[in-house]
Amino acid sequence: MSYLDNPTPIPGTYFFDGKMASKGYNLNKMCYTFNDKQAREEFLKDEMAYCDKFGLSDVQKQAIKNRDVIGLLEAGGNIYFLAKFTGILGLNMQDVGAIQTGMSVEDFKAMLVKAGE
Amino acid sequence: MSYLDNPTPIPGTYFFDGKMASKGYNLNKMCYTFNDKQAREEFLKDEMAYCDKFGLSDVQKQAIKNRDVIGLLEAGGNIYFLAKFTGILGLNMQDVGAIQTGMSVEDFKAMLVKAGE
Amino acid sequence: MAKIIGGITTSHIPAIGRAISLNIEETPYWKPFFDGYPPIRKWLGEKKPDVVVLFYNDHGLEFFLNKKPTFSIGVAPQYISADEGWGIATIPPVTGETELSWHICNTLVEDEFDITICQEMKVDHGLTVPLQLMWPGNTYGHIKVIPVCINCEQHPMPSLKRCFNLGRSIAKAIESFDKDLNVVVFGTGGLSHQLDGQRAGFINKPFDLMCMDKIVNQPEELFQYSVRDLVEQAGAQGPELNMWMGMRGVLSGKVTELHRNYHIPISNTGAGTMLLENN
Amino acid sequence: MAKIIGGITTSHIPAIGRAISLNIEETPYWKPFFDGYPPIRKWLGEKKPDVVVLFYNDHGLEFFLNKKPTFSIGVAPQYISADEGWGIATIPPVTGETELSWHICNTLVEDEFDITICQEMKVDHGLTVPLQLMWPGNTYGHIKVIPVCINCEQHPMPSLKRCFNLGRSIAKAIESFDKDLNVVVFGTGGLSHQLDGQRAGFINKPFDLMCMDKIVNQPEELFQYSVRDLVEQAGAQGPELNMWMGMRGVLSGKVTELHRNYHIPISNTGAGTMLLENN
Ligand SMILES: [Fe+3]
Ligand SMILES: [Fe+3]
């Protein structure tokens with residue numbers, strides 16, 4: 001039995017396992033190209049055309065358009081590759097945390113500080 | 001103790017181990033590109049210029065020039081990648097066997113047949 | 001539950017693919033080799049497997065030495081046969097079995113196998129030639145393939161025992177997979193051959209025949225041979241026996257040998273062909 | 001013979017690299033974190049290690065999901081720090097230790113670790129930030145680095161026990177290496193953090209402190225936590241503890257804790273810094 005066979009979800013937490021990796025392959029492949037400056041520029045010039053180049057689904061494209069990080073996770077996005085997308089938008093990990101939790105960035109930061117007390 | 005720690009050589013036989021892999025990295029990297037038709041054509045147009053592109057040593061370049069398979073092995077070539085080089089020259093594995101053993105191709109083939117008797 | 005119905009060993013050398021392309025299977029040179037296959041094709045036609053777990057090695061198409069895994073497992077929906085540089089014909093795309101592949105990967109990592117998981121993979125003659133041999137005319141479209149790739153190109157290579165145990169863990173995964181699938185396992189490559197060095201062309205028939213005997217009922221006895229022993233006794237490419245051991249590990253303890261063929265030479269190789277039914 | 005002199009744990013998050021670039025180490029937000037490092041730098045300056053075995057994970061620079069290894073070991077003469085896409089400054093090339101790297105690989109495969117061997121590798125913040133922290137001003141030019149990369153990006157991931165044993169085997173290799181080298185081991189990443197999901201920002205201070213205690217004298221007690229347990233208790237990125245376990249496996253049974261620091265938050269992370277001398 002793999003630890004992944006446990007069917008109980010962990011609230012607010014995604015397992016990027018085989019199912020998600022299959023689902024998000026094209027999306028993550030696109031985001032992987034963002035290591036490259038030229039790719040980032042090409043994406044910014046025409047986001048949806050760039051998505052099409054990698055065969056993203058409509059759901060994935062919509063989530064890219066909306067900067068919907070939770071939607072991207074649910075569509076198979078891997079946080080490390082998504083970070084390269086949000087990086088293009090100038091968002092750091094605390095901004096991304098705020099988006100996902102629905103908090104303001106200030107509240108999100110305050111929550112982190114509180115965890116240290 | 002790794003099986004590679006045995007210092008006794010096996011006559012006429014090379015171990016493509018870390019030492020050889022380090023030594024032959026550029027040579028094998030060049031040969032790996034020969035999976036690609038365009039790379040093969042570029043090589044054929046100017047062999048030595050293509051070697052320089054991958055930073056081959058003078059010894060490696062000389063062995064390429066001379067179709068010296070044993071020389072290439074000693075310079076760190078891996079037989080599977082070298083096969084892509086000899087393939088460009090239209091040589092199959094029995095031709096390559098004949099070159100390495102110093103036999104004629106007919107004698108080399110006869111030796112193989114004899115092994116089956 | 002998925003069921004492991006049997007195992008097949010076969011050479012995978014490129015010259016076979018070329019002979020098929022040239023339609024020269026019935027010439028004197030090739031006939032004794034290709035004669036080994038009709039009984040296996042018949043068995044496959046009767047048993048109708050859904051999935052092939054295919055042990056092979058990549059000879060420098062997908063993997064370069066920049067990142068060379070010991071074991072890699074394909075989890076892709078499809079695998080592409082591509083230009084290998086020296087003119088072997090490609091074959092149509094090969095269909096994968098994503099779900100079972102991932103289930104195997106989960107089990108392998110749980111069992112402490114440190115695999116490389118591949119969602120995209122070009123496959124070379126090590127995988128394509130066996131498919132051509134088993135399904136003439138490339139009629140393998142109904143078969144789903146799970147590639148299991150073992151490093152045979154660069155030392156250090158894994159031991160026969162490690163590869164056998166890899167197979168054991170894969171068997172555990174298949175037998176716990178909740179779908180009625182019939183699975184057959186291919187061990188490709190080998191037997192004795194040496195492509196490089198002044199000893200090129202070395203073949204060891206007695207050693208090959210011994211391996212074919214042992215693989216049926218006493219595969220563990222082969223553990224005594226280190227990779228170095230294999231190089232010495234079966235030639236520099238002798239470690240391809242690892243793929244046979246992986247295959248044998250997937251089968252149960254007892255198997256029935258339904259068919260065998262051994263022929264020298266095919267290109268530079270001693271070619272062993274076997275059909276083992278799982279008990 | 002080469003000698004393992006000690007181990008260091010450190011966070012490797014990109015924000016640290018940015019803070020170093022911006023020269024804001026002494027600001028109130030960063031000071032409590034950077035204050036953890038001077039004692040370690042002093043120790044490194046005195047002990048003068050020749051080689052660092054550096055456990056890290058690659059967050060999508062060198063490895064994509066097409067081929068994702070569980071364990072990969074660098075054997076290159078040099079590693080390049082490259083653009084990661086979101087603006088962290090690169091650092092000068094990192095020097096490798098080819099010979100010891102290969103010796104480690106030979107031992108690992110012999111010990112049934114199925115590693116991916118890398119002769120060329122771009123290295124990301126997981127490796128570069130720790131070097132920047134230990135050698136301010138990127139004065140690491142005299143140090144040879146052996147990268148040991150553990151998959152923390154895609155499930156299935158290896159267990160804490162497997163990573164510890166990976167470290168044990170690496171220790172065996174180092175201690176049998178016939179050169180007088182002083183080796184230090186870095187376990188980078190962690191501790192609790194969660195980057196993705198509605199639970200993003202989750203940190204578990206008591207769990208982190210427990211891990212820091214156990215890692216010193218009872219690392220095996222941590223084996224009880226599965227990767228799933230780590231996700232649950234230390235957040236989705238909690239499995240980065242694997243790198244600490246690999247480091248601890250390289251050390252001997254008994255170590256002396258010379259220094260520790262723990263600070264929340266650095267970016268979204270509980271940052272643990274430790275210096276363990278090998279007995
Ligand atoms: Fe082969
Ligand atoms: Fe990290």
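The values are calculated or read from the model by the stated rules, or taken from the named source; none is laboratory data. Quick caveat: nothing in here was measured; it's all calculated off a predicted structure. In this analysis, Cβ positions are derived from the backbone assuming ideal geometry, glycine residues included, and neighbour counts consider all displayed protein chains. Note: areas computed on protein heavy atoms with side chains; ligands, DNA, RNA excluded. Shrake-Rupley method; radii C 1.70, N 1.55, O 1.52, S 1.80 Å.
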Within 10 Å of each Cβ of B:103-113, how many other protein chain Cβ atoms are there on average? 3
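Is the range C:50-111 best put as rounded, prolate or oblate by its Cα gyration tensor, with a ≥ b ≥ c the root eigenvalues, rounded for a/c under 1.5, and otherwise prolate when a/b is larger than b/c, oblate when not?
Oblate, since a/c reaches 1.5 and b/c is not below a/b.
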When all alpha-carbon pairs of the range A:1-105 are counted, what percent fall beyond 16 Å? 58
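At 20 °C and a viscosity of 1.002 mPa s, what translational diffusion coefficient does Stokes-Einstein give for the protein assembly as shown, taking Rh as the Kirkwood radius over Cα pairs? Give it in µm²/s as a whole number. Write down the numbers at each step before the final one.
Details: Rh = 27.3 Å.
Translational D for this selection: 78 µm²/s.
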What accessible area, in Å² to the nearest ten, does a 1.4 Å probe give for D:E232? 80
Of D:P32, D:P130, D:P239, which is the most mobile in a GNM of chain D whose springs link Cα atoms less than 10 angstrom apart? D:P32
Computed over the Cα atoms of chain C, what is the ratio Rg over Rh, Rh following Kirkwood? 0.92
Which semi-axes, in whole Å and largest first, does the equivalent ellipsoid of the range D:1-129 have when worked out from the alpha carbon gyration tensor as the square roots of 5 times its eigenvalues? 28, 21, 12
Gap in Å between the Cα centre of the range B:5-78 and the Cα centre of the range A:93-111? 54
Note on chain C: helices (DSSP H) long enough, at least 24 Å by alpha carbon along their axis, and hydrophobic enough, mean Kyte-Doolittle at least 0.5, are none
How far is the Cα center of the range D:108-161 from the Cα center of the range C:223-279, in Å? 36
Before anything else, pin down the relative contact order of chain B: Cα pairs under 8 Å, at least 6 apart, normalised by residue count, whole percent. 26
When Cβ neighbours within 10 Å are restricted to other protein chains, what is their mean count per residue of peptide D:72-80? 2
Running a GNM on chain D with Cα contacts under 10 Å, which residue among D:E99, D:E175, D:E112 ends up with the highest mean-square fluctuation? D:E112
Within the set D:L209, D:L54, D:L100, GNM on chain D using Cα springs under 10 Å gives the largest fluctuation to D:L209
Go through A:T13, A:Y50, A:Q100 and say which Cα lies farthest out towards the positive end of the charge dipole of chain A; charges sit on Cβ, +1 for Lys and Arg, -1 for Asp and Glu. A:Y50
Give me D for the range D:98-185 in µm² s⁻¹, whole number, from Stokes-Einstein with Rh from the Kirkwood sum over alpha-carbon pairs, 4 °C and 1.567 mPa s. 88
Suppose all protein chains stay in the model; what accessible area per residue would a 1.4 Å probe give for the protein assembly as shown, in Å²? 35
Contact order normalised by residue count of chain C, Cα under 8 Å, 6+ apart, percent: 32
Excluding ligands, DNA and RNA, what is the accessible area buried between chains A and C, summed over both sides, using a 1.4 Å probe, to the nearest 100 Å²? 700
If the limit is 19 Å between Cα atoms, which of A:K65/D:K68; C:K67/D:K68; A:K53/A:K84; B:K53/C:K122; D:K122/D:K172; C:K48/C:K214 go over it? A:K65/D:K68; B:K53/C:K122; D:K122/D:K172; C:K48/C:K214
Of all the accessible heavy-atom surface of the protein assembly as shown, with the other protein chains kept in place and a 1.4 Å probe, what percent is carbon and sulfur? 52
Would the range D:199-279 count as rounded, prolate or oblate if I go by the C-alpha gyration tensor, calling it rounded below 1.5 in a/c and otherwise prolate when a/b exceeds b/c, oblate otherwise? oblate
Classified through the alpha carbon gyration tensor (a ≥ b ≥ c as square roots of its eigenvalues; rounded if a/c is under 1.5, else prolate when a/b is larger than b/c, else oblate), the range B:1-46 comes out prolate
